[in-house]
Amino acid sequence: MRERHAARDARRAAEFRTFVAGAAGRLLHTATLLTAEAPGDNPRARRLLTLALAHTYARWDGLRGEDGEDPYDRARRYLATRFAHGVQRRHGVFGRARPRPRGPLARLTARERLILVLRLYEGVAEEQTAALLGLTGEHVRTVCDRAAATVLHPPREPAPAAQRETAAGAAAS
């Protein structure tokens, strides 16, 4: 009996290691995009990934098989909800940005990053994203469009000469 349990546990661990080898890189990139951290300096993203993988491993037996849920979908969903809850806890309001984000999506709010990453990077359907976040499909579409426009067409910085003139005018007043 013990040998059977040991063999099952070893098989479970091997299957999970295989899953992690294939999915951890993409999940880490997703977490890094969500946290707006630099790819080389992403402790919050790594923590999110660790929590998502631990959650997935704890439910591994129910995720396998024909009727089981896809482990990658489960890990991604946990990553997204954990990120959203963490932002709410830290900032009180879901949409506020964290101080001094440095990643490629740094101009976006946490909600915009979450929706943009789920929809465009992960390819999650609009309806699924809306259901996951408790929003309407129209709201998800609007936020995604606005976030994509912000990333693709960032606001222009004023020319250095115009900045000096503005500063000189303010100092003269």
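May I ask you to list the residues in the range 82-105 that are modelled with pLDDT of 80 or more and surrounded by 15 or more Cβ atoms within 10 Å (Cβ to Cβ)? Walk me through how you get there before you give the answer.
The first filter runs over the range 82-105 and keeps only residues modelled with pLDDT of 80 or more, leaving 82-86, 105.
Those that are modelled with pLDDT of 80 or more and surrounded by 15 or more Cβ atoms within 10 Å (Cβ to Cβ): ARG82, PHE83, ALA84, GLY86, LEU105.
Looking only at the range 31-74, how many residues end up being of a type in the set (S, T, N, Q), assigned to a helix (DSSP H, G or I) and touching a residue at least 12 places away in the same chain (Cβ under 8 Å)?
Just the residues of the range 31-74 that are of a type in the set (S, T, N, Q), to begin with: 32, 35, 42, 50, 56.
This time we only want the ones that are assigned to a helix (DSSP H, G or I), so: 32, 35, 50, 56.
With touching a residue at least 12 places away in the same chain (Cβ under 8 Å) added as a condition, the list becomes 32, 35, 56.
So the count comes out to 3.
So how many residues does the range 25-70 have that are open to solvent by 20 Å² or more (accessible area, probe 1.4 Å) and over 13 Å from ARG82 (Cα atoms)?
22
Give me a count of the residues in the range 106-121 that are in contact with a helix residue (DSSP H, G or I) (Cβ under 7 Å, 6 or more places away or on another chain), surrounded by fewer than 19 Cβ atoms within 10 Å (Cβ to Cβ) and in a loop (DSSP other than H, G, I, E, B).
Summing the residues that are in contact with a helix residue (DSSP H, G or I) (Cβ under 7 Å, 6 or more places away or on another chain), surrounded by fewer than 19 Cβ atoms within 10 Å (Cβ to Cβ) and in a loop (DSSP other than H, G, I, E, B) in the range 106-121 gives 1.
The values are calculated or read from the model by the stated rules, or taken from the named source; none is laboratory data. Note that this is a predicted model, so its numbers are computed, not measured. Glycine gets a Cβ as well: all are built from the backbone with ideal geometry, and neighbour counts include every protein chain shown. Heavy atoms of the whole protein, side chains included, go into the accessibility calculation; ligands, DNA and RNA do not. Shrake-Rupley method; radii C 1.70, N 1.55, O 1.52, S 1.80 Å.
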